[in-house]
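> A single structure is presented below for examination.
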Amino acid sequence: MGLEGRWRDIDYLLTRQGNVVGPGFEPGPEIREFLQNDCRVLVVGAGGLGCELLKDLALSGFGNIDVIDMDTIDVSNLNRQFLFRMHDVGRSKAEIAAQRIMQRIPGVSVTAHHCMIQDKPLDFYQQFHVIVLGLDSLEARRYMNSVACSFLEYDEDGQPDLSTIKPMVDGGTEGFKGHARVLIPGVTPCFECTLWLFPPQTKFPLCTLAETPRSPAHCIEYAKIILWPKERSDDSFDADCEEHMKWVYEKALARAAEFGIQGMTYQLTQGVVKNIIPAIASTNAIVAAQCTLEALKMVTMCSTGLNNYMMYVGTDGVYTLTTPYERDEKCPICSAGVSYEVSPSTTLQQLIDGLVADPDLGKHLSAPSVSYGSTNLYMRGALEGQTRHNLEKPISELVDGEGSVIHVNDRKLVSAMKVRLKFNGTNGHMET
Amino acid sequence: MAVVADKSKRYDRGIRVWGAHGQEALEAARVCLLNAGPTGTETLKNLVLGGIHSFTVVDGAKVTPADLGNNFLLTADGLAASRAQVATECLKELNESVAGSYVEESPRSLMNSNPDFFRHFTLVIATQLSEAGAVTIDKICRQHGVRLLLLRSYGLLGYVRPSVPEQRIVESKPDSKVDDLRLSNPWPELEAYAASIDLAGAEDVLHSHIPYAVLLIKAAQQWRQEHDGQLPGSCAERTAFKDLLKSWQRHIDGIPLEEENFTEAVANAHKVWAPPTVSSELRAILEDSCAAHITQQSPSFWVLVAALKRFIEQEGQGQLPLEGSIPDMHASTQQYLELQRIYRAKADADAAAVEAHARNILEAAGRDPASLPTSEVKHFCKHARYLRLVRCRSLAEETEPASCRADSLRAALSSEETAANAALYVLLRAADRFHATYQRYPGSFDSEVEEDAALLKSQANALLAECGISGAGGSAAGGVSDDLVGEVCRCAAGELHVVAAVVGAIAAQEAIKLLTGQFVPVGGALVYNAMACTTSVFAF
Ligand SMILES: [Zn+2]
């Protein structure tokens with residue numbers, strides 16, 4: 001049976017001129033053809049947000065979607081990950097999600113990648129027009145951020161080269177609250193620019209756990225952090241193993257009883273051990289739909305785009321706030337190069353030590369390698385022997401002078417951090 | 001047993017948000033959906049996943065190709081079949097413990113022929129009804145005491161309107177709470193406990209494990225004695241108060257020992273002079289006439305509010321019942337647990353006093369005083385400071401010129417923050433009038449989009465004029481901008497999937513609030529503006 005007229009509603013938006021549209025919007029049937037045939041979108045994560053994103057993208061006209069997720073389906077996913085059924089438990093999220101979307105929406109192609117995001121080469125990520133993140137961890141977000149920013153290049157005037165921008169859309173939820181944000185490397189802030197948006201995790205001091213427990217959570221952490229390594233040193237703890245979780249619960253329960261602490265439950269034990277962030281279908285759906293809408297706007301310009309962060313709070317009525325966060329001009333991941341002041345006589349070794357000790361830059365570094373243009377100044381691994389002699393040389397002998405940009409690589413980074421050297425005056429003067 | 005275990009696993013993440021009692025309320029909910037477009041099916045999808053009891057879909061349409069372009073809960077195989085039936089089958093697949101049924105009839109005809117049909121439901125979700133249809137279903141639901149959510153997805157505009165005469169909320173679950181510690185006005189047991197701890201005589205380990213609450217009670221007491229009974233008020237005084245705390249720290253060779261409890265005391269010193277307050281919302285609830293006249297029919301919420309009022313006037317001496325829980329504090333286990341016990345005991349005593357008032361009130365109203373379980377009174381007292389009440393006006397009151405709140409509408413149209421979304425609200429209503437006049441929505445035909453824009457604008461102006469709001473015509477004085485009129489015509493009442501998904505998901509959150517009695521539902525019309533990624537709530 002024919003499906004003529006299937007895209008009627010989305011076509012109103014794509015084929016008619018509007019008054020509130022993005023720059024350069026030219027309505028016409030070509031836009032949907034582009035979405036269906038040529039545009040490539042990647043969904044990172046096939047969980048609560050991912051399932052919604054896949055559905056929303058497919059029903060917004062995107063015809064070629066890839067999805068990557070290393071996880072398998074768990075019973076506790078079924079309250080929100082609507083593409084999965086009880087009999088799917090244990091199977092690949094990415095693969096089942098892709099199948100279900102293609103079964104339901106004729107003509108849409110979804111390619112599943114059941115692996116870690118780190119398993120894919122940079123080329124893989126390069127092929128997409130837009131990347132949509134449905135992740136629940138900061139670490140994974142930072143990794144994808146460094147991937148997207150690694151493609152970014154700047155011209156001589158320090159302006160981002162538009163053809164190298166890999167835009168991303170990110171969503172996240174907790175209970176009745178969520179956020180959607182647009183990341184255009186070089187234009188809007190990247191995750192590293194606004195790391196402070198992510199609250200730090202609470203950690204209990206060890207002495208509290210060992211000596212003065214006061215709450216069920218203290219007893220649970222004690223069982224997991226102190227008792228497990230002591231009593232089961234041969235097993236590595238696995239939070240997804242029910243026997244392990246029950247063991248921690250029993251031990252925590254005994255400790256709570258010993259100290260007279262009330263309120264210990266198995267549910268709480270799981271929550272503390274796995275750091276469970278409560279997730280529900282509705283909030284995921286709000287955030288994923290907003291993210292999809294932004295991806296659609298970004299690709300088609302059919303309406304004005306989000307600048308650049310939207311917060312949603314559904315606990316007391318409904319409250320939303322859009323905030324134009326600003327880039328950190330000194331961001332080592334997305335800026336044209338962080339300025340770093342050194343004396344020209346500083347040796348390469350001293351420079352490297354200084355970078356690692358720097359409060360801003362050091363957090364991205366553990367054992368950096370340094371290059372300048374195509375020259376390896378100091379490399380870890382196989383080239384270490386060949387480059388070691390440079391460590392003793394003053395930096396002014398290794399680069400072309402004031403304003404030179406060196407590339408600092410580290411296993412903590414996906415792509416090089418660009419550091420613009422600024423020679424500090426007094427020592428420079430003495431040298432000349 | 002296996003079923004129960006599976007359920008607690010399956011619904012674990014939701015239960016962490018609304019508790020086992022919230023989940024029970026959801027599992028008892030019978031939901032009726034009017035119209036199985038994407039707005040409706042997305043709302044139900046989110047609720048079926050959460051584990052409601054059952055749903056019934058009312059829709060008289062057949063599945064068309066355009067449905068397959070915006071609705072995930074229909075299948076290509078179902079083309080030309082009953083939309084209610086196909087949607088019901090797809091929804092049932094999502095959760096085998098939820099029962100689903102359908103009625104193949106248009107909502108309008110069912111409302112007219114059998115209004116009693118709706119009385120069996122806990123919640124009715126009415127989607128994509130025109131204003132006239134919405135007013136009708138609102139009347140039916142109010143008559144039967146059934147909660148109602150009205151939803152629209154219209155191009156890049158979304159609309160969510162709960163309609164409940166009165167939502168009484170005990171567990172409003174505010175994002176931030178101030179600890180209820182009574183540091184500057186301890187009750188006798190707490191005061192005695194603080195006095196029993198001898199700061200000067202304590203050996204070092206004990207000294208560094210005295211909970212900060214005790215340190216602050218002692219400091220507040222000493223400060224008052226030295227300052228005519230006053231608490232620190234000015235900035236300088238507050239600094240001096242913190243210095244007083246620091247002066248109690250142990251020293252070795254003039255260097256203060258690291259005592260974490262003192263660090264915490266200094267960081268929490270504001271709790272002495274800034275205790276939790278009584279919000280304007282709670283004040284209004286206490287003064288509400290429902291609490292002044294307890295009858296045979298009064299819900300237990302109002303009985304308890306009346307009892308709460310008596311408690312505040314009598315035993316509480318102006319204070320609410322103690323909440324009873326305390327935050328973690330650096331302390332020895334034994335000291336902390338003792339402190340915890342003292343707070344709990346006081347909370348229990350306060351709740352018992354409230355309970356006694358409640359029983360007297362029930363008796364006076366000719367009701368069984370034992371009908372109110374102690375657990376409910378305790379629960380109420382624990383949350384008393386954050387009670388909330390939401391009353392939605394009926395849709396007829398909101399839309400009829402004689403009763404609509406024209407001043408609020410005028411203000412919303414002229415405030416920079418809400419002007420666009422208030423204009424969208426007006427345009428949605430104007431589009432319904434357009435439809436009533438021309439039997440089509442504006443922008444339905446490519447060739448008539450511009451002409452329709454002019455007609456839509458005059459409908460909007462007529463609506464504003466009826467409410468006594470002039471100055472329409474896109475001027476700064478209010479009214480609707482031509483840009484937005486154009487955008488509303490551009491989308492021709494299309495139901496975009498993403499907009500429907502947002503509306504359906506906001507609606508599911510609101511439904512969960514209405515069904516569990518937790519969190520605070522929207523008290524008016526919520527407008528979602530997908531162009532600007534904003535929302536506004538209007539109580540017109
Ligand atoms: Zn950055």
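We did not get these values from a lab; they are worked out from the coordinates using the rules stated. Keep in mind the model is a prediction, meaning the values are calculated, not measured. Don't worry about glycine lacking a Cβ; one is built from the backbone with ideal geometry, like all the others, and counts go over all protein chains shown.
> Residue by residue through the stretch B:382-423, note down the ones that are within 16 Å of B:A539 (Cβ to Cβ), in contact (Cβ under 8 Å) with a residue 60 or more places away in the chain and in a helix (DSSP H, G or I).
B:L395, B:A396, B:E398, B:T399, B:A406, B:S408, B:L409, B:R410, B:A412, B:L413, B:N421, B:A422
> If I ask for residues that are within 29 Å of the chain's Cα centre (by Cα) and away from the ligand (no atom under 16 Å from the Cβ), which ones from the stretch A:198-210 would you list? Write out each step before concluding.
Residues of the stretch A:198-210 within 29 Å of the chain's Cα centre (by Cα): A:198-205.
Hits for the stretch A:198-210 are A:P199, A:P200, A:Q201, A:T202, A:K203, A:F204, A:P205.
> Picking from A:A98, A:A94, A:A140, A:A148, which residue would you name as being away from the ligand (no atom under 16 Å from the Cβ), within 30 Å of A:P200 (Cβ to Cβ) and more than 14 Å from every other protein chain (Cβ to nearest Cβ)? Lay out the reasoning, then the answer.
Values: A:A98 fails: within 30 Å of A:P200 (Cβ to Cβ); A:A94 fails: within 30 Å of A:P200 (Cβ to Cβ); A:A148 fails: away from the ligand (no atom under 16 Å from the Cβ).
Answer to the selection: A:A140.
> Still on this structure, I have one more. Among the candidates A:V318, A:V356, A:V342, single out the residue that is at the interface with another protein chain (Cβ under 9 Å from one of its Cβ atoms) and more than 16 Å from the ligand (Cβ to nearest atom). It would help to see each step written out before you state the result.
Numbers: A:V356 fails: at the interface with another protein chain (Cβ under 9 Å from one of its Cβ atoms); A:V342 fails: at the interface with another protein chain (Cβ under 9 Å from one of its Cβ atoms).
Unique residue meeting the criteria: A:V318.
> Then there's this: Can you pull out every residue in the stretch B:500-511 that is more than 7 Å from every other protein chain (Cβ to nearest Cβ) and within 11 Å of the chain's Cα centre (by Cα)?
The answer is B:E510, B:A511.
> Can you tell me how many residues within the stretch B:223-239 are assigned to a loop (DSSP other than H, G, I, E, B) and either among the β-branched types (V, I, T) or surrounded by 14 or more Cβ atoms within 10 Å (Cβ to Cβ) (or both)?
Within the stretch B:223-239, the first condition is being assigned to a loop (DSSP other than H, G, I, E, B), and the residues that meet it are B:227-234.
With either among the β-branched types (V, I, T) or surrounded by 14 or more Cβ atoms within 10 Å (Cβ to Cβ) (or both) added as a condition, the list becomes B:227, B:231-232.
Total meeting the criteria: 3.
> Do we have any residue at all in the stretch A:58-65 that's under 21 Å from the mean Cα position of the chain (by Cα) and more than 9 Å from chain B (Cβ to nearest Cβ)? Give the derivation first.
Pass one, the stretch A:58-65, residues under 21 Å from the mean Cα position of the chain (by Cα): A:65.
Pick out the ones that are also more than 9 Å from chain B (Cβ to nearest Cβ) and you get A:65.
Within the stretch A:58-65, one or more residues are under 21 Å from the mean Cα position of the chain (by Cα) and more than 9 Å from chain B (Cβ to nearest Cβ).
> Can you pull out the strands (runs of 3 or more DSSP E) entirely within the stretch A:298-342 that have at least 3 residues that are among the hydroxyl-bearing types (S, T, Y) and without any contact (Cβ under 8 Å) to a residue 60 or more places away in the chain? Outline the logic, then answer.
Working: elements: A:309-313, A:319-323, A:338-342.
By residue number, A:319-323.
> Within the stretch B:187-204, work out how many residues are over 46 Å from the mean Cα position of the chain (by Cα) and either part of a helix (DSSP H, G or I) or touching a residue at least 24 places away in the same chain (Cβ under 8 Å) (or both). Before the answer, list the steps.
Quick first cut of the stretch B:187-204, residues over 46 Å from the mean Cα position of the chain (by Cα) only: B:198, B:200-204.
Applying the additional criterion that residues be either part of a helix (DSSP H, G or I) or touching a residue at least 24 places away in the same chain (Cβ under 8 Å) (or both) yields B:204.
Residues flagged as over 46 Å from the mean Cα position of the chain (by Cα) and either part of a helix (DSSP H, G or I) or touching a residue at least 24 places away in the same chain (Cβ under 8 Å) (or both) within the stretch B:187-204 amount to 1.
> In the stretch B:513-530, how many are farther than 17 Å from B:D138 by Cα, facing chain A (nearest Cβ under 7 Å) and over 8 Å from the mean Cα position of the chain (by Cα)?
Counting residues in the stretch B:513-530 that are farther than 17 Å from B:D138 by Cα, facing chain A (nearest Cβ under 7 Å) and over 8 Å from the mean Cα position of the chain (by Cα) gives 1.
> Can you pull out the residues in the stretch B:321-337 that are charged (D, E, K, R) and more than 10 Å from chain A (Cβ to nearest Cβ)?
Taking the stretch B:321-337 first, the residues charged (D, E, K, R) are B:323, B:328.
Within the stretch B:321-337, just B:E323 meets the criteria.
> Out of (1) within 14 Å of the ligand (Cβ to nearest atom); (2) within 11 Å of the chain's Cα centre (by Cα), the odd one out for A:Y154 is which?
(2)
> Within the stretch B:513-521, is there a residue that is of a type in the set (A, V, I, L, M) and part of a loop (DSSP other than H, G, I, E, B)?
As a first pass, look at the stretch B:513-521 and keep what is of a type in the set (A, V, I, L, M): B:514-515, B:520.
Restricting the remaining residues to those that are part of a loop (DSSP other than H, G, I, E, B) gives none.
No, because not a single residue in the stretch B:513-521 is of a type in the set (A, V, I, L, M) and part of a loop (DSSP other than H, G, I, E, B).
> Among (1) within 14 Å of chain A (Cβ to nearest Cβ); (2) surrounded by fewer than 19 Cβ atoms within 10 Å (Cβ to Cβ), there is one condition B:Y159 misses while meeting the rest; what is its number?
Only one criterion is unmet by B:Y159, namely (2).
> Also: Looking at A:L195, is it within 16 Å of the ligand (Cβ to nearest atom), more than 16 Å from A:N275 (Cα to Cα) and touching an Asp or Glu at 6+ places or on another chain (Cβ under 8 Å)?
Criteria not met by A:L195.
> Just to be sure, is A:R181 closer than 26 Å to B:A530 by Cβ, within 16 Å of the ligand (Cβ to nearest atom), among the basic types (K, R) and away from chain B (no Cβ under 13 Å)? Talk me through it step by step, then tell me what you get.
Values: closer than 26 Å to B:A530 by Cβ: yes; within 16 Å of the ligand (Cβ to nearest atom): yes; among the basic types (K, R): yes; away from chain B (no Cβ under 13 Å): no.
Judged against the criteria, A:R181 is not a match.
> Quick check on my filter: what residues within the stretch A:77-88 are surrounded by fewer than 20 Cβ atoms within 10 Å (Cβ to Cβ) and in a helix (DSSP H, G or I)? Spell out how you get there, then give the answer.
Of the stretch A:77-88, the ones surrounded by fewer than 20 Cβ atoms within 10 Å (Cβ to Cβ) are A:85-87.
The answer is A:M86, A:H87.
> In the stretch A:89-100, what residues are closer than 20 Å to A:Q118 by Cα and surrounded by fewer than 24 Cβ atoms within 10 Å (Cβ to Cβ)? Break it down into steps so the answer makes sense when it comes.
The initial filter retains those residues of the stretch A:89-100 that are closer than 20 Å to A:Q118 by Cα, namely A:92-95.
Of everything in the stretch A:89-100, those that are closer than 20 Å to A:Q118 by Cα and surrounded by fewer than 24 Cβ atoms within 10 Å (Cβ to Cβ) turn out to be A:S92, A:E95.
> Just name the residue that is surrounded by the most Cβ atoms within 10 Å (Cβ to Cβ) out of those in the stretch B:485-499 that are within 7 Å of chain A (Cβ to nearest Cβ) and either without any contact (Cβ under 8 Å) to a residue 12 or more places away in the chain or in a loop (DSSP other than H, G, I, E, B) (or both). Explain how you work it out, then say what you get.
Filtering the stretch B:485-499 down to residues within 7 Å of chain A (Cβ to nearest Cβ) leaves B:486-487, B:490-492, B:494-498.
Narrowing further to those that are either without any contact (Cβ under 8 Å) to a residue 12 or more places away in the chain or in a loop (DSSP other than H, G, I, E, B) (or both): B:491-492, B:494-496.
Working: B:C491: 25, B:A492: 25, B:G494: 25, B:E495: 26, B:L496: 30.
Of everything passing the filter in the stretch B:485-499, B:L496 is surrounded by the most Cβ atoms within 10 Å (Cβ to Cβ).
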